[in-house]
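Derivation of every value follows stated rules applied to the coordinates shown; laboratory data play no part. From a predicted model like this one, the values you see are computed outputs, not experimental measurements. With ideal geometry, Cβ positions are generated from the backbone for all residues, glycine too; neighbour counts draw on all protein chains shown.
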Ligand code: ADP
């Protein structure tokens, strides 16, 4: 009748574009839209949050208002927030867990197409976490669905490197990971008060990791990165047991001492039956103002580790790239914005983007699937 009034179909279509920031799916699909009324130029909508005090209530409200205010004829948007009741939450959880109310680790299901990379290093401080967040952010920027499990239990640093201060939301036993730069991130650091140290023994770490992999809702991922603690400890073994089809990425510096320990971390694959997807050399050189290269930590560590692992594992293990020292990589980490997302000339960024592209191209062959093993 009045062509200037908002059409219901247009309002519905606009609401269909609003996604839950953690679940990354439309509110509508998740049963989070309650009443929608159109009264002249005013649209009123009630959004049901999964839990009271949902940390993302403001962004959900703003996104809903923004989407609706773009619809022709809408003059005013009123968003009311409510909270799901237990039956609605149960329905949501059932929907997220998929048919059959899946329990267990979704990445081990035969139908899973997620490539799982466990990022390992011989020792700390070689840039393993920096490499992990940059590869993850680069792949997410390419449109892949990416998650990170920060399993570096004693030295967790992924939340800071990704600029995450938010806690995960819990919907009963389901944990929704915060999303930063398009990447879903869960870290043991999100479950400890302040900067408390974690002094857990192997079995507790194993259970914590298992819980991360079962109870955290990652949804369908193309790639999952696990940032392992340095060395060949309990967590690395737990990862091999819990995610037998995960592949190792070994990060080393060019220094021969670092390469020796990195080789040990990679050679674990011989015992666990995991594959090694490749070696990444970090801190390879420092570019001097005159364009020269200063090889601060020596040279050749990455190619040495790749060659020795190829011999030990009887497989062609490539050196995926060599990343130079770059102040902006460290600054990006301190600021919570991975270097790959910035602009300007940076050889380190180019290398990281090249490695991310190479990993994104690797198919996840079903022949790589193995049954869980147990190591004693
Ligand atoms: P790890 O996870 O192996 O302990 P981090 O990723 O935490 O290592 O890196 C250790 C430190 O080195 C961090 O301060 C990080 O910003 C810095 N860093 C890592 N790689 C580089 C690089 N290529 N250039 C400059 N600084 C780097």
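Computed over the chain, the per-residue total of -39500 (n - 2.57) for DSSP H runs of n ≥ 4 gives a 222 nm mean residue ellipticity of -10500 deg cm²/dmol, rounded to 500. With each label modelled as a point 7 angstrom along the Cα→C-beta vector, the residue 113-residue 211 pair spans 3.3 nm.
So how do 343, 103 line up by other beta-carbon neighbours within 10 Å, fewest first? Each step should come with its number before you reach the end.
Values: 343 6, 103 9.
Ascending number of Cβ neighbours within 10 Å: 343, 103.
At an R0 of 35 angstrom, the distance between the Cβ atoms of residue 316 and residue 172 translates into a FRET efficiency of 0.15.
Evaluated at q = 0.18, 0.27, 0.30 Å⁻¹, a Debye calculation over the C-alpha positions of the stretch 277-329 (equal weights, vacuum) places log10 I(q)/I(0) at -0.61, -0.98, -1.10.
Convex hull over the Cα atoms of the stretch 1-115, averaged projected area in nm²?
Values: hull surface 36.2 nm².
The number I arrive at for the stretch 1-115 is 9.0 nm².
To the nearest ten degrees, helix 347-361 and the longest principal axis of the Cα atoms of the chain are 80 degrees apart. Note on the chain: with a GNM built from Cα contacts shorter than 10 Å, the maximum mean-square fluctuation among 319, 309, 294 falls on 294.
Ratio of the chain's C-alpha Rg to 2.2 N^0.38 Å, to two decimals? Mind dumping the intermediate values first?
Values: Rg = 23.1 Å, N = 376, 2.2 N^0.38 = 20.9 Å.
So the chain has a normalised radius of gyration of 1.10.
Beta bridges assigned by DSSP with both partners in the stretch 1-90 are antiparallel in approximately 45 percent of cases.
Find how much the distance from residue 220 to residue 192 grows on full extension, using 0.36 nm per residue of separation minus their present alpha carbon separation; answer in nm with one decimal. Walk me through the numbers on the way to the answer.
Values: separation 28, 0.36 × 28 = 10.08 nm, distance 2.72 nm.
7.4 nm is the gain from fully extending residue 220 to residue 192.
Residue exposure proxy: 76, 201, ordered by other Cβ atoms within 10 angstrom of their Cβ from fewest to most, comes out as 201, 76.
When a/c reaches 1.5 or more, the comparison of a/b and b/c decides; with that in mind, is the stretch 107-229 rounded, prolate or oblate per its Cα gyration tensor? Walk me through the numbers on the way to the answer.
Values: a/c = 1.33, a/b = 1.13, b/c = 1.17.
Verdict is rounded for the stretch 107-229.
With contacts taken as Cα pairs under 8 Å at a separation of at least 6 residues, the chain carries a relative contact order of 17 percent.
What FRET efficiency comes out for residue 307 versus residue 257 if R0 is 22 angstrom and r is the Cβ-Cβ distance? Round to the nearest 0.05. For R0 = 22 Å, the calculated efficiency reads 0.85. Computed from label points 7 Å out along Cα-Cβ, the spacing between residue 91 and residue 13 is 2.6 nm. Taking the DSSP beta bridges with both ends in the chain, the antiparallel portion is around 25 percent.
So for 280, 317, 105, fewest C-beta neighbours within 10 Å to most, what's the order? Please report the intermediate quantities before stating the final value.
On the way: 280 31, 317 24, 105 16.
If I rank by nearby Cβ atoms, fewest first, I get 105, 317, 280.
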